[in-house]
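> Structure in structure tokens, see below.
The values are calculated or read from the model by the stated rules, or taken from the named source; none is laboratory data. In this text the structure is predicted, and so the values were computed from the model without any measurement. Cβ placement follows ideal geometry from the backbone for every residue including glycine, while neighbour counts extend to all protein chains displayed. Protein only, heavy atoms only, side chains kept; ligands, DNA and RNA dropped before computing areas. Shrake-Rupley method; radii C 1.70, N 1.55, O 1.52, S 1.80 Å.
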Amino acid sequence: GFGKTFTDYMFLMEYNKEQGWHDPRIEPYHSFTLDPATAVLHYGQAIFEGMKAYRTKDGGVQLFRAKDNFARMNRSAERMAIPKMDEALAFEGLKKLIEVEKDWVPHLPGTSLYIRPTIIAVDPFLGVHASHTYYFYIILSPSGAYYSTGLKPVGIYVEDKFVRAVRGGCGFAKTAGNYA
């Protein structure tokens, strides 16, 4: 069910010019209602990260390099003209979310709880400028081994015509358009 099954709760925080990033909270997982003119749908102003939480042998839960991922997310935010979020606040929000959802962290070897922090532009407008409002949210999905064969070698296809990032493009930013 990886990527299709999600935990019961999510972390959400909003941004506007007057308040900056504000109202951090954990709430039940839910859909967003977006205006058809929402900026993310037309201008691709969206960034994300991917990280994991693992079950330890003693039953605890540990995160892998979450602070580094939030720092990289802020580098992507800068590249995509999105206001940087407070990395420490994001990390605290993630820890609280994991605490609430700790029972979702799988116990079997090679499994984890996938963590997807995301920022999207939510201004409803058509025009060429960065959005003035954003959602930062974190959702979680239990995950088995990345490859069905485990960590054995896998076959790959190397693409020589299409590339994810090009000179003059979005480059290093982990942004939706680079994955389209």
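> Are there helices (runs of 4 or more DSSP H) fully within segment 1-114 with at least 3 residues that are of a type in the set (Asp, Glu)? List them. If you could, list the steps in order and put the result at the bottom.
On the way: elements: 39-43, 66-79, 87-100.
Of the helices (runs of 4 or more DSSP H) lying wholly inside segment 1-114, those with at least 3 residues that are of a type in the set (Asp, Glu) span 87-100.
> Being under 17 Å from TYR137 (Cα atoms) and of a type outside the set (Asp, Glu) is the filter here, so list the residues in segment 42-69 that pass it.
Once the filter is applied, which keeps residues that are under 17 Å from TYR137 (Cα atoms) and of a type outside the set (Asp, Glu), segment 42-69 yields GLY44, GLN45, ALA46, ILE47, PHE48, GLY50, MET51, LYS52, ALA53, ALA66, LYS67, ASN69.
> Tell me which residues, restricted to segment 39-53, are of a type in the set (Phe, Trp, Tyr) and at pLDDT 95 or above. Reasoning before the result, please.
Filtering segment 39-53 for residues of a type in the set (Phe, Trp, Tyr) gives 43, 48.
PHE48 - this is the single residue of segment 39-53 that is of a type in the set (Phe, Trp, Tyr) and at pLDDT 95 or above.
> If the Cβ limit is 6 Å and pairs must be 6+ apart or interchain, which residue in segment 52-78 that is open to solvent by 100 Å² or more (accessible area, probe 1.4 Å) pairs with which residue that is of a type in the set (Lys, Arg)?
Filtered contacts from segment 52-78: PHE64/LYS52.
> Among the residues that make up segment 30-42, is at least one of them more than 29 Å from GLY169 (Cβ to Cβ) and surrounded by 17 or more Cβ atoms within 10 Å (Cβ to Cβ)? I'd like the intermediate steps shown before the answer.
Going through segment 30-42, the residues more than 29 Å from GLY169 (Cβ to Cβ) turn out to be 30-31, 33.
Filter again for surrounded by 17 or more Cβ atoms within 10 Å (Cβ to Cβ), leaving none.
Within segment 30-42 (the criterion being more than 29 Å from GLY169 (Cβ to Cβ) and surrounded by 17 or more Cβ atoms within 10 Å (Cβ to Cβ)), the answer is no, since none of the residues qualifies.
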